[in-house]
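Worksheet for the structure shown next.
FYI, it's all coordinate maths here, none of it is from the lab. Just so it is clear, the structure is predicted and the values come from calculations on it, not from any experiment. No Cβ is skipped: glycine too gets one built from the backbone with ideal geometry, and neighbour counts run over all protein chains shown.
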């Protein structure tokens, strides 16, 4: 019985080992605390600006390890986190809102490793610290908003077509149209088929009525759009927050996952992500009696609002400009030192604003701040989603002269509020309100703690298994230990290559793999021992041991794999990380424990006369 | 290790009675104590804060009580400096703002500001989803195993493997409920990993039984089974020991977050090893497994082909 591997098998094992080693290598290098600067405008940072920034950093008296300018982005590496914070503050102050300054940890992987695409493992939030949010998009609100839009569009279309109608009203998921004369119905139906194909038409018994409903397809489209639009907006907002490497992903039909590594100020992050704040500009109604409106009889064209001090004020129903016509906003101080938001409008908004201010010089205009707040409350054991639209008049000022494209709004409580509002206006509005349904925040100290603890228990567990195997199986045990180390290298290499998220349970999975992956070797070695007991020669025992154990290893590993795959399919977040390491560990252990150990055993015992095996 | 000749199968009644008592006790404990479901499943808020010195829990409790968080549970987490605050889903209070309010409240009254180590908030809907996913994971992994083992072996083995595995899961959960440890997502992952491990162990024994069925002729089914369990015994114990070694390391050094995980697996590996030796094979035997079940089927019509 010859125990000899052909050249290709030996080469295969060695090549896999070398490649794994190469791709596992980046994990040995650390990370530099660094500051990343990018442009918040479509234009990239110019080389001139880059050298200006570099000079600013150097003049601050802080030595930076490296200054990299690539793809219009600046990355400056620093020696410690104190310097990092100082530089970030400095750059935020000097650069203003045209640039995004973010804290980052830049890997110190050498260039030759980066060139072959080798990267360190991607650490999950529980290891690096940061915030995880799961946001739920309020789909009902999105559909309702769409119905309202259709309502307005229908009225407008009827007016244009000179179609006389009694009412257009939303009722129980239907938009019910009542005509003045039943004779116009044909005209109405023709109009609907021409311009409103997305609506399903129902004809009730009453001849002068037509009921419309959003088609299922249209409703689906609306929902899809709401999520997509919200993701774009959230991405803009996160960019404005200055977070390096944020993750924004859709999860399921109506949820969006947002992960912000390194962010600690969760309150601000929550405010920025969750609010649907916008502004509206309206004229103050000075013609009608305020007192009468307060008593419950507001005039037809006006609405009653409360200002910041809780005083009632009557505003025109007609809106001059809404938040989505705002193209840019920045915050600062006005001449009197009050917090102000400087606003630029788009063409349509500017034209409207210009016309209205021209016609109403000397009259007061109000700025209404609108915010949707949602909470989930439990009332009588039932989960009730409570949505509140908060509208407050933040400022009323007399129109001194006509203005159109650029102007400022004051009346905000603090510079912080002005900053947040300008950020929200810039990033755009959410298409539908969102609700935070899950939040997980891990502080940076806990993240590092988790890494240390995970690493320590890995090392200790590994050493214990190695000692145990060496003592019990002697030379064969040492060979199994080599395979075990090889297996860990492969797992780390594959995790690095896939850039799968490594979490604390993921580390636990690697540790568990260490304990379980020697199983294949135990199976083989016990079988070899059995063959020796049965009186076979050492060479035959090795051969038969591997041969007979293979089917068992396959069966037992596949069952384990089935469970790990189910765990992957149903697990979320950190549990998925556990499943990933388990799956990789099971698969690679079959390679290392069977083929890897066999190669070494063949080198040691193959092609010669052997009296006794060290097993 | 020498080859043992312990009569495992012959003395199966002892093990079966023992396991029945164990399972029954576990089910009673699960019914009476229940599992301490973590916020992952119930929804709620969990806040971990750290102090430089040992934290005074009484002060923290009264502070939270005054601030209107009457149902908050406050306890140390791992060390005396770390504190874990748990809050149920609140009636009438916005859940997303809760963590902020709590932190403000406790920093208001203590001299040293707490450093926030971790916040977890799980909304009721997400909690329900996670529970449902957890159950589905258990269900699908069971079905997957049933199919695979039935395909590779035979349905009686398949059922035996599932019964042995369920035994391990129930007894482990029973221990978990007696210890009153918190059942969270990581623990659920450990339970699923346990299913995989326990099966792995059982399959190795079954595999050997199948081999015995096909190669040994002049022995009874019971003798063949007993021999197979004995032959694989050293392997079963060796593998369990290596896994237990890493789990002990994880238990003592892995930190508080991973505690429940290592406890489940420690007990699970222990019971899994026990059941693959004492339970899995007797159950298959009682279901009526015999060598005939695994004989390669005689192809129908084969003899006809040979006719001239």
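In this simple spin-label approximation, residue A:46 and residue A:21 carry label points 7 Å from Cα along the Cα→Cβ vector, and these lie 5.1 nm apart.
Seen against the Cα atoms of chain A and their longest principal axis, helix A:504-533 is set at about 20 degrees. Each Cα pair under 8 Å and six or more residues apart adds its sequence gap; the mean of these over the residue count of chain B is a relative contact order of 26 percent. Peptide A:465-476 shows a mean partner chain C-beta count of 2 within 10 Å per residue C-beta.
Taking Cα atoms only, the orientation of helix A:47-59 departs from the longest principal axis of chain A by about 70 degrees.
Explain nothing, just the number: relative contact order of chain A, from Cα pairs under 8 Å at least 6 residues apart, as a whole percent. Once divided by the residue count of chain A, the mean separation gives 16 percent.
Here the peptides B:169-182, B:117-130, A:220-233 are ranked by packing, the mean other Cβ count within 10 Å, and the order with the highest first is B:117-130, B:169-182, A:220-233. Residue separation of residue A:303 and residue A:612 scaled by 0.36 nm, minus their Cα-Cα distance, works out to 101.4 nm of gained length.
Note on residue B:88/residue A:445: beta-carbon distance plugged into 1/(1 + (r/R0)^6) with R0 of 30 Å gives a FRET efficiency of 0.65.
Which of A:255, A:237 has the fewest other C-beta atoms within 10 Å, and how do the rest follow up to the most? Ascending number of Cβ neighbours within 10 Å: A:255, A:237.
Here residue A:183 and residue A:148 are evaluated by their C-beta separation; at R0 = 35 Å the FRET efficiency comes out at 0.75.
Note on A:448-459: average number of Cβ atoms from other chains within 10 Å of each residue's Cβ is 4. Segment residue B:59..residue B:109, full-extension length gain: 17.2 nm, with 0.36 nm per residue of separation and the alpha-carbon distance subtracted. Taking 0.36 nm per residue of separation and subtracting the current Cα-Cα distance, fully stretching the chain between residue A:474 and residue A:156 would add 105.7 nm.
Contact order, relative form, for segment B:93-215: 19 percent (alpha carbon pairs under 8 Å, 6 or more residues apart, mean separation divided by residue count). Only helices enter this figure: runs of n ≥ 4 DSSP H residues, each worth -39500 (n - 2.57), summed and divided by the residues of the protein assembly as shown, yield -18000 deg cm²/dmol at 222 nm to the nearest 500. Put in line by how crowded their Cβ is, counting other Cβ atoms within 10 Å and starting with the fewest, A:212, A:14, A:25 read A:14, A:25, A:212.
A convex hull fitted to the Cα coordinates of the protein assembly as shown yields 270 cubic angstrom per residue. The packing ranking, built from the mean of other Cβ atoms within 10 Å per residue, places the peptides A:471-477, A:165-171 in the order A:471-477, A:165-171, highest first. Ranked for footprinting exposure by Cβ neighbours inside 10 Å, fewest first, B:259, B:108, A:557, A:288 give B:108, A:288, B:259, A:557. Centre-to-centre, using Cα atoms only, segment A:459-520 and segment B:126-183 are separated by 26 Å. Peptide A:512-525 has a mean shielding of 6, counted as Cβ atoms of other protein chains within 10 Å of each residue's Cβ.
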